[in-house]
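Here is the structure we will look at.
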Amino acid sequence: MDCNTLNQLTTRDFQFTPSYTVTVLTNGKVLFVGGALAINNYLYENYSIADTDLFDPATSTWTLTGSLNIARQAHTATLLPNGKVLVVGGWGNTGNGDILTTEIYDRTLACGQQMAILYPAQ
């Protein structure tokens, strides 16, 4: 999927998607990562989602920025001094249990800096 196609997708409804993280980036945009699956106000606690969405408060627009490599909820997301976001731990889908891995959100790796890449931290 190219950047133009990805940017036109509709983001998920956050009204009933618990256990995601929210991180304010150095450019003022807000990154939403992961969470639990919820459909029609029914929470599927055992199913994590891998979505990452970016909200721009200056324009009130949402952009789907890619996906986590591992769907997760109840994780942490920490803004690093270099502007990247470290995503750590959380719970996976049924059978995955606790996630013992980390990922890095890096918007500078994106095509047109609209879509970011999440890759395993080293």
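Just for the stretch 68-106: of the residues that are of a type in the set (S, T, N, Q) and under 19 Å from THR26 (Cα atoms), which one is surrounded by the fewest Cβ atoms within 10 Å (Cβ to Cβ)? Looking at the filtered set, the residue picked out is ASN82.
At least 2 residues being closer than 23 Å to ASP98 by Cα, among the polar types (S, T, N, Q) and in contact (Cβ under 8 Å) with a residue 40 or more places away in the chain is the threshold, and among the strands (runs of 3 or more DSSP E) wholly inside the stretch 16-77 those reaching it are 21-24, 42-48.
Only one entry of THR52, THR65 meets the criterion of being buried (at least 20 other Cβ atoms within 10 Å of the Cβ), in contact with a Ser or Thr (Cβ under 7 Å, 6 or more places away or on another chain) and at pLDDT below 85, and that entry is THR65. Among the residues of the stretch 51-97, those that are more than 16 Å from THR23 (Cβ to Cβ) and out of contact with any Asp or Glu (no Cβ under 7 Å at 6 or more places or on another chain) comprise ALA58, THR59, SER60, THR61, ILE70, ALA71, GLY92, ASN93, THR94, GLY95, ASN96, GLY97. Only residues that are buried (at least 19 other Cβ atoms within 10 Å of the Cβ) and either in contact with a His (Cβ under 8 Å, 6 or more places away or on another chain) or modelled with pLDDT of 70 or more (or both): list them for the stretch 1-18, please. Hits for the stretch 1-18: nothing passes.
The values are calculated or read from the model by the stated rules, or taken from the named source; none is laboratory data. Here the structure is a predicted model, which is why all the values come from computation and not from measurement. In this analysis, Cβ positions are derived from the backbone assuming ideal geometry, glycine residues included, and neighbour counts consider all displayed protein chains.
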